[in-house]
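The values are calculated or read from the model by the stated rules, or taken from the named source; none is laboratory data. Please read these numbers as outputs of a predicted model, since none were measured by experiment. A quick note on method: Cβ atoms are made from the backbone with ideal geometry, for glycine too, and the neighbour counts reach across all protein chains shown.
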Amino acid sequence: MEVGSGGLVFAAGTIVVALSAFPLFAMIESGSTPLLFLGVIMIMGLGHPLMYGPQAALYSELFPPQVRYSGASLGYQNGGMLGGLVPAAGQCSSATTTRPGRWPRCWPASP
């Protein structure tokens, strides 16, 4: 990675989030609301922006200029669509195991 590239900033954000995860779990387990807010603010206010800021530049660097916009957009949009199906798939698998032998009810959990 070049000095000054977004990759170094992204890597720093990844390290911050990874190292903040364990203290955040301890803060959640404490049951203290102020500690919970502090932990979430710590990750969302420091680690997340360090990763989200250079993300667009990193995606564009993955593809040659001829296909840069379509390639980066295709990967980003497909990831969003497939990631959006995870809750529905989880609910369907849960419905299948809780109602064996019957057709699973796979509609959204929220009314």
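Assess whether S32 counts as being among the hydroxyl-bearing types (S, T, Y) and under 16 Å from the mean Cα position of the chain (by Cα). It is false that S32 is among the hydroxyl-bearing types (S, T, Y) and under 16 Å from the mean Cα position of the chain (by Cα). Within region 18-65, the set of residues being assigned to a loop (DSSP other than H, G, I, E, B) and surrounded by 13 or more Cβ atoms within 10 Å (Cβ to Cβ) comprises G53, P54, F63. Could you please let me know if G90 is within 27 Å of A18 (Cα to Cα) and not assigned by TED's automatic domain parsing to the domain that holds A18? Taking the combined requirement at face value, the residue satisfies it.
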